[in-house]
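Here the structure comes first, spelled out in C-alpha cells, and everything after it is commentary.
Just so it is clear, none of the values below were taken in a lab; they were calculated from the coordinates. These figures come from a predicted structure and were not determined experimentally. Every residue, glycine among them, receives a Cβ derived from its backbone with ideal geometry; neighbour counts consider all protein chains shown.
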Amino acid sequence: CGTCAADLALGAQIVSKGFTGRYGRAFLLDDGELLNIKIGSRENRQLVTGAHVVADISCAVCGTKVGWKYVQATEAAQKYKEGKFILE
C-alpha cells in the first residue's frame, strides 16, 4: 500500500503492467488471493474499455482505496478480466 506500506499482492500475481487506473499506471493481477485487501460492494462502472461490474478494493490495514476487482464485463473481448484485479 502506498499509504501504509502493507503488502497487497505477490509479484507472481501480476498479469500485466500496462493498464491504467484512476490515477495513472496500474497492474492487472491474477484472480488469486490478494494480501491485506477488503473488497467493497459491486457497482456498474463505465471504464475506457466499456461497461463493467466492478467492486472497489481497499487496504485492510489503513482503508485506502487501491483499485478494483472486475466482477463482470459486458463485452466479449473484455471477459478475460473477470475475477481479476486492478492495483493502482
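Points to keep in mind about this one:
- Counting 0.36 nm for each residue step from SER41 to VAL53 and taking away their Cα separation leaves a gain of 3.3 nm.
- For THR20, the amide hydrogen comes within under 5 Å of the amide hydrogens of ALA26, counting only partners 5 or more places away or on other chains and with H modelled in the peptide plane.
- Taking other C-beta atoms within 10 Å as the exposure proxy, SER16, SER58 rank SER16, SER58 from fewest upward.
- Under the simplified labelling scheme, the THR64-THR3 pair shows an inter-label distance of 0.7 nm, with each label point 7 Å from Cα along Cα→Cβ.
- Surrounding net charge for VAL48, when Lys and Arg each add one and Asp and Glu each subtract one, Cβ distance under 15 Å: +2
- Distant-in-sequence amide H partners of GLY83 (H built 1.01 Å from N, under 5 Å): TYR70, VAL71
- Other residues whose C-beta falls under 12 angstrom from the C-beta of PHE19 contribute a net charge of +4, scoring Lys and Arg +1 and Asp and Glu -1.
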